[in-house]
Amino acid sequence: MSTIIVIDRITELPIEPQVAAIDGDWVSETLTNGSVIKYEYHPPVLTVDPIRIITVRAFMQRFTQAERIAMRASVDDIIVDMMEDLRMASYVDLDDATLAAGLGYVNYITLIAAPRPAEMLVDGTLAEKYSGIL
């Protein structure tokens, strides 16, 4: 719920804090001069850019423990290379085509199940966001 402040057009002073409203509510206000105003309340819309750069740790935590163990134990040259690349990375770009292809390969050799590659590439959370230098 939000507090709405109305300014009196005549005195240009704020009127007492008004009724809290939720989106779409019709709110009536009685001004100090006795006139009544009525308006529909809509809170500001916040737009947030999707988080597509996350920490390596956050990315690795998207795998189950069993998946991480299987990848670390793998002797497949491509998996070994992917794990080494992740170990040296500063961050993970979820839009990186190489990453998507690598996840496809991990799925192909059945270290992760079919829906997992897409799940691994969903937008990051604030907790996963990489905040360092790109």
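The values are calculated or read from the model by the stated rules, or taken from the named source; none is laboratory data. What you see is a predicted model, and the numbers here were worked out from it, not measured in a lab. Neighbour counts are summed over all protein chains in view; Cβ atoms, including those assigned to glycine, are modelled from backbone coordinates with ideal geometry.
So which residues in region 67-104 are among the hydroxyl-bearing types (Ser, Thr, Tyr) and out of contact with any Leu (no Cβ under 9 Å at 6 or more places or on another chain), if there are any at all?
Within region 67-104, just 98 meets the criteria.
Just the residues that are closer than 14 Å to residue 60 by Cα and in contact (Cβ under 8 Å) with a residue 60 or more places away in the chain, please, taken from region 79-124.
120, 124
State all residues of region 67-88 that are of a type in the set (Gly, Ala, Ser) and loosely packed, with under 13 Cβ neighbours inside 10 Å; if no residue qualifies, say none.
73
Could you list, in sequence order, all residues of region 96-126 that are farther than 20 Å from residue 72 by Cβ, in contact with a helix residue (DSSP H, G or I) (Cβ under 7 Å, 6 or more places away or on another chain) and either loosely packed, with under 10 Cβ neighbours inside 10 Å or of a type outside the set (A, V, I, L, M, F, W, C) (or both)?
Of everything in region 96-126, those that are farther than 20 Å from residue 72 by Cβ, in contact with a helix residue (DSSP H, G or I) (Cβ under 7 Å, 6 or more places away or on another chain) and either loosely packed, with under 10 Cβ neighbours inside 10 Å or of a type outside the set (A, V, I, L, M, F, W, C) (or both) turn out to be 114, 124.
Report whether or not residue 130 is among the hydroxyl-bearing types (Ser, Thr, Tyr) and modelled with pLDDT of 95 or more.
yes
For region 92-120, which residues satisfy the criterion of being among the hydroxyl-bearing types (Ser, Thr, Tyr) and not in a helix (DSSP H, G or I)?
Correct list: 110 only.
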